[in-house]
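Okay, structure first, notes after.
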Amino acid sequence: MFFFGSTCLQLSRACLTRNLILAYQSFGVVYGDLSTSPLYVYSSTFAGKLQKHRTEEVVFGAFSLIFWTFTLIPLLKYVFIVLSADDNGEGGTFALYSLLCRHAKLSLLPNQQAADEELSAYRYGPSSHAVAPSQLKRFLERHKTLRTILLLVVLFGACMVIGDGVLTPAISVLSSVSGLQVTEAKLTNGTLLLIACAILVGLFALQHCGTHKVAFMFAPIVIIWLLSIFSIGLYNIIHWNPNIIRAISPHYVLKFFRVTGKDGWLSLGGILLAITGTEAMFADLGHFTALSIRIAFALLIYPCLVIQYMGQAAFLSKNLNLFPNSFYDSIPDPVFWPIFVIATLAAIVGSQAVITATFSIVKQCHALGCFPRVKVVHTSKHIYGQIYIPEINWILMVLTLSITIGFRDTTLIGNAYGLACMTVMFVTTFLMALVIVFVWQKSILLAAPFLIFFWSVEGAYLTAAIIKVPQGGWVPLVLSAFFMIVMFVWHYGTRKKYNFDLHNKVSLKWLLGLGPSLGIVRVPGIGLIYSELATGVPAIFSHFVTNLPAFHKVLVFVCVKSVPVPYVSSEERFLIGRVCPRPYRMYRCIVRYGYKDIQKDDGDFENQLILNIAEFIQMEAEEPQFSSSESSSVDGRMAVISTRNIQSSLIVSGHEEIGTSNSIYSSKSATLQSLRSVYEEENPQLRRRQVRFQLSPSPSMDPRVKEELIDLIQAKEAGVAYIMGHSYVKARRSSSYLKKLVIDIGYSFLRKNCRGPSVALNIPHISLIEVGMIYYV
């Protein structure tokens, strides 16, 4: 009993230590944006018509509004409620949408299968079969239009996050360098703009290094910043106006609106800047734990920011003419320059975190089939999920510089920034209410008060932000409209192409009628035929065979697809089955990735595929449900394969070899050998694992299984070829003008200017065979 108690104590201490370490690390990643808000909140709030109401009473009311907003939304909504709605430890808009898709049939992803529901990550959370489905759930599942609207809402929130990635660096860096105008030098606006642009260019230029390169600096910078503004806030409270403490009472909020009226309501667009960056607590949950983020917020973020806002209000209540640079003016002269340097560094840290989150959002949109293929670089070996997307990085830089140079005013940028952030929070509240009903299986009577209360609070801020659309608020709307159009065009074209493949599949009866030889020459080797179809034989197969009547002895139809879970473990990634009976040597392999998984080019895909097929062949012979009859293993029956026990039947020996494909390495053709040598010289950085398979002696092995395994090994030794469709998608002549515009111009332009599917799937170019096809959709 004593041993059990001491073990539990050790585990709890280890858990606490881990969460404290994660809480420390979260300051540099999660809270950089939120902690730099004091730079511009008061100056933005009192920049408009509220200038007519610069009195001590109004300043007290503004602080009271900031305090209660900061308490209700970041503390009550996010820390206590939203952080509990994680998806296998992941957070963000897509995590909520993924949970909803799994607990209600709301997904619009193509090629989904019942086998996907057996994934361990899929079953995360309460069982959806525990209670009878509600009428609301049945209503949403029955109407595809409503499911489409839900996806559009999620994508609109994602587009606003991308807009946030443009606006955060602009307002943070411009606000931090504006402190130079407080000094004796009195720099001109043009000089400040040049300094801000130089910092922004350097920030985006260093993105390829990855956050992990300087991550050890981030947390100390934010912690020093928080302690500094806490100290300054405390000094200002004591030195200028200790009575500010009374403004914590909500009574001052009522007095604020009684005095200011409509002008006070319009000023909410500046007040909401105090909570910008709150969404990062949930969006970056995957790198930390909910407890660690709660600890960091409760112990340091909340008290430091509240004291800073209180101290700044105390200073302004006695200095009613110093609102434009209120933060820097409130700093005592002896510590001005150290605070200025720390503020600039903290602004860069906050911008870095939002840029990284933008990369993650774009990756998740692509996994949903709603964004063109882009290059994704994994920047950290230790922190999974930290990625860099070059194309998006440079687009963000150009947009950020354009906004910084175009506006030159933190108030106008703040109007745009506030609208983007509040829209994301509004969407999160809506999705959270659905999670309470569908995932947590609580009553609508519990979800409705949550939705009504927070929508009423956020709605007041959102309407105030919308009023300021002409004064800069149009920026996130234009950015979101642009990215929504890109997403819609790509999603629409991709779905039309998939539906064409689905309706033009090759008949299995036709294949079976041809016999095991398929009526063509079966040459040695393995042919990997890539398609988006999870069932059936794609049209490119018949198109290839009719133009070149020869094919490999072993055929594998490969489908790489996304499933609505954040990660798929390597043991569950491969789904193997047959397309035709055993003599045909035709298999199907479905490779599943989560919306946060990264497809790495480790050069081991071919070997993993062979091991999984070999395991399937043995499993089929040993388990009755797979070996009931020879004809039963036609298209449809699939099995999740784990390669942990394959060593019993296959002996694997391997070494590192420079090159790209075993197919060329094992070829007897002198021409192909010379091509391989040239390719190696041009690509010295590529290193693939060359593996040789041998069948282990086993007297009890079924002769048919042994023969099939030998054919598989020999085919692997002969070489592997990758066959893909090189498609041209065009609208039918009878299509409407709008459809022709979307398909022939929009979708065609995106396909030509995004990464090719072979590059995205890390297929070695020298082993690739492309089959040209025209899709009339």
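The values are calculated or read from the model by the stated rules, or taken from the named source; none is laboratory data. Only a predicted model underlies this, so the values are computations on that prediction, with no experimental measurement involved. Here the Cβ positions follow ideal geometry from the backbone for every residue, glycine too, while neighbour counts run over all protein chains shown. Accessible surface is based on the protein model in full, side chains and every heavy atom, while ligands, DNA and RNA are left aside. Shrake-Rupley method; radii C 1.70, N 1.55, O 1.52, S 1.80 Å.
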- Task: Kindly indicate whether I149 is farther than 22 Å from G89 by Cα, open to solvent by 40 Å² or more (accessible area, probe 1.4 Å) and either part of a helix (DSSP H, G or I) or at pLDDT 80 or above (or both).
- Result: yes
- Name the helices (runs of 4 or more DSSP H) wholly within the stretch 666-769 that hold at least 3 residues that are at pLDDT 85 or above and either over 30 Å from the mean Cα position of the chain (by Cα) or assigned by the TED database to the domain that holds I526 (or both)? 703-718, 737-740, 748-753
- Among what's in the stretch 216-233 and is modelled with pLDDT of 95 or more and of a type in the set (G, A, S), pick the residue that is surrounded by the most Cβ atoms within 10 Å (Cβ to Cβ). G233
- Note on the structure: If we ask which residues in the stretch 713-740 are farther than 20 Å from V537 by Cβ and either touching a residue at least 60 places away in the same chain (Cβ under 8 Å) or β-branched (V, I, T) (or both), their number turns out to be 6
- Item | Residue check, S178 more than 30 Å from C370 (Cα to Cα) and modelled with pLDDT of 95 or more | no
- Task: Test each condition in (1) modelled with pLDDT of 85 or more; (2) surrounded by 24 or more Cβ atoms within 10 Å (Cβ to Cβ) for E391 and report the one that comes out false.
- Result: (2)
- the stretch 583-605, residues that are modelled with pLDDT under 85 and not aromatic (F, W, Y): K596, D597, I598, Q599, K600, D601, D602, G603, D604
- Qualifying residue in the stretch 539-552 (condition: β-branched (V, I, T), open to solvent by 30 Å² or more (accessible area, probe 1.4 Å), more than 30 Å from L167 (Cβ to Cβ) and not assigned by the TED database to the domain that holds V154): yes
- Query: L322 is checked against (1) touching a strand residue (DSSP E or B) at 6+ places or on another chain (Cβ under 8 Å); (2) open to solvent by 30 Å² or more (accessible area, probe 1.4 Å) and fails just one. What number does that condition carry?
  - Reply: (1)
- Only one of (1) more than 25 Å from F230 (Cβ to Cβ); (2) at pLDDT 80 or above fails for A23. Which number is that? (1)
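Looking at W455, W440, which one is under 29 Å from the mean Cα position of the chain (by Cα), surrounded by fewer than 20 Cβ atoms within 10 Å (Cβ to Cβ) and under 30 Å from A62 (Cα atoms)?
Just a single option satisfies the conditions, and that option is W455.
For the stretch 467-489, which positions are open to solvent by 30 Å² or more (accessible area, probe 1.4 Å), over 19 Å from L151 (Cα atoms) and of a type in the set (A, V, I, L, M, F, W, C)?
Result: I467, V469, W474, V478.
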- Message: Need the failing condition index for P126 against (1) modelled with pLDDT of 80 or more; (2) not assigned by the TED database to the domain that holds L396, just the number.
- Response: (1)
- Note on the structure: Being in contact with a Gly (Cβ under 9 Å, 6 or more places away or on another chain) and among the charged types (D, E, K, R) narrows K497, K509, K468 down to just K468
- Sort out which residues of the stretch 314-358 are in contact with a Leu (Cβ under 7 Å, 6 or more places away or on another chain) and charged (D, E, K, R), and write them in order of number. D329
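Does the stretch 572-586 hold any residues that are open to solvent by 10 Å² or more (accessible area, probe 1.4 Å) and assigned to a loop (DSSP other than H, G, I, E, B), and which are they?
R573, P581, R585 - these are the residues of the stretch 572-586 that are open to solvent by 10 Å² or more (accessible area, probe 1.4 Å) and assigned to a loop (DSSP other than H, G, I, E, B).
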